[in-house]
Protein chains: 2
Amino acid sequence: MDVLKVAARSNPNSVAGAIAGALEQAGVVEVHAIGAGAVNQTIKAIAIARRLIERPGETPIRVIPGFMELTIGGEEKTGIRFIVEKR
Amino acid sequence: MDVLKVAARSNPNSVAGAIAGALEQAGVVEVHAIGAGAVNQTIKAIAIARRLIERPGETPIRVIPGFMELTIGGEEKTGIRFIVEKR
């Protein structure tokens, strides 16, 4: 599965394009975000991706959010892992 | 459908309990959030709600995020509307 890493400064339109492309190819993509700004950009990107690829009457894009623990520079951080599906 | 309004200062554990309760009763709940802090608390609350009510092998809680336009005190704002499902 493709993994996209989103930051607070990521452009939601660019991320939306990447999500839409991955969903059209594979039907599912994983997105990682650490911090409120990154989580917000991810959600905006998914809402934009819906406008890009959902056709009327189709199943909408669905998201399964969960926590992930990771170590960055020796520091433990908790991030959010989104499984994004279009099936 | 129940509508929960989440703010940046909302307690994710309390919101998780409200989401879990609504999902067990109705299978679906709508959540509104305005701003990065509120969106982040909503996503954390959904991740916590998964731990509260998902049993192994069950379909996970899924989220459909979209934009919503609203007017607050004469000002136009864009928020996020989450449809949260457990079916």
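Points to keep in mind about this one:
- Angle of helix A:36-53 to the longest C-alpha principal axis of chain A, folded into 0 to 90 degrees and rounded to 10: 10°.
- Cα gyration tensor shape for the protein assembly as shown, rounded if a/c is under 1.5, else prolate or oblate: rounded
- Rounded to the nearest 20, the Cβ-based charge dipole of the protein assembly as shown about its Cα centre (Lys and Arg +1, Asp and Glu -1) stands at 0 debye.
- Hull volume in cubic angstrom per residue (convex hull over the Cα atoms of region B:1-65): 74
- Rounded to the nearest 10 Å², the accessible area of B:T59 at probe 1.4 Å: 60
- The GluC sites (Glu not before Pro) of region A:37-71 that DSSP puts in a loop, and whose beta carbon has at most 13 other beta carbons within 10 Å, are A:E58.
- Cβ-placed point charges (K, R +1; D, E -1), dipole of region B:1-51 about Cα centre in debye, nearest 20: 240
- Chain A against chain B buries an accessible area of about 1900 Å², both chains summed, 1.4 Å probe radius.
- Overall, the accessible surface of region B:36-87 at a probe of 1.4 angstrom is composed of carbon and sulfur to the extent of 46 percent.
- Karplus (6.51, -1.76, 1.60) ³J(HN,Hα), θ = phi - 60°, over region B:78-87, in Hz, Gly and Pro reported as x: 10, x, 10, 9, 9, 9, 10, 10, 9, 9
- Sequence-distant lysines (8 or more away, or on other chains) whose Cα lies within less than 26 Å of A:K86: A:K5, A:K44, B:K44, B:K86
- B:M68, B:M1, ranked by accessible area, largest first (probe 1.4 Å): B:M1, B:M68
- In region A:47-78, burial by the other protein chains removes 30 Å² or more of 1.4 Å probe accessible surface, compared with the chain on its own, from A:A47, A:R50, A:R51, A:R62, A:V63, A:I64, A:P65, A:F67.
- Listed residues B:F82, B:P56, B:N13: farthest to the positive end of the dipole of chain B (Cβ charges): B:P56
- Cα centre as origin, Lys/Arg/Asp/Glu Cβ charges: chain B dipole, Debye: 320
- Chain A, relative contact order [Cα under 8 Å, separation at least 6], %: 33
- Each label was represented as a point 7 Å from its Cα along the Cα-to-Cβ direction; for A:T78 and B:T71 these points are 4.0 nm apart.
- Heavy-atom accessible surface of the protein assembly as shown, averaged per residue, reaches 51 Å², computed with a 1.4 Å probe.
- The amide H of B:K5, built 1.01 Å from its N in the peptide plane, has B:H32 as neighbours under 5 Å, considering only residues 5 or more places off or on other chains.
The values are calculated or read from the model by the stated rules, or taken from the named source; none is laboratory data. Because the structure is predicted, anything quoted here is derived from the model rather than measured. Neighbour counts are summed over all protein chains in view; Cβ atoms, including those assigned to glycine, are modelled from backbone coordinates with ideal geometry. Side chains are part of the model used for accessible areas, which takes the heavy atoms of the whole protein and leaves out ligands, DNA and RNA. Shrake-Rupley method; radii C 1.70, N 1.55, O 1.52, S 1.80 Å.
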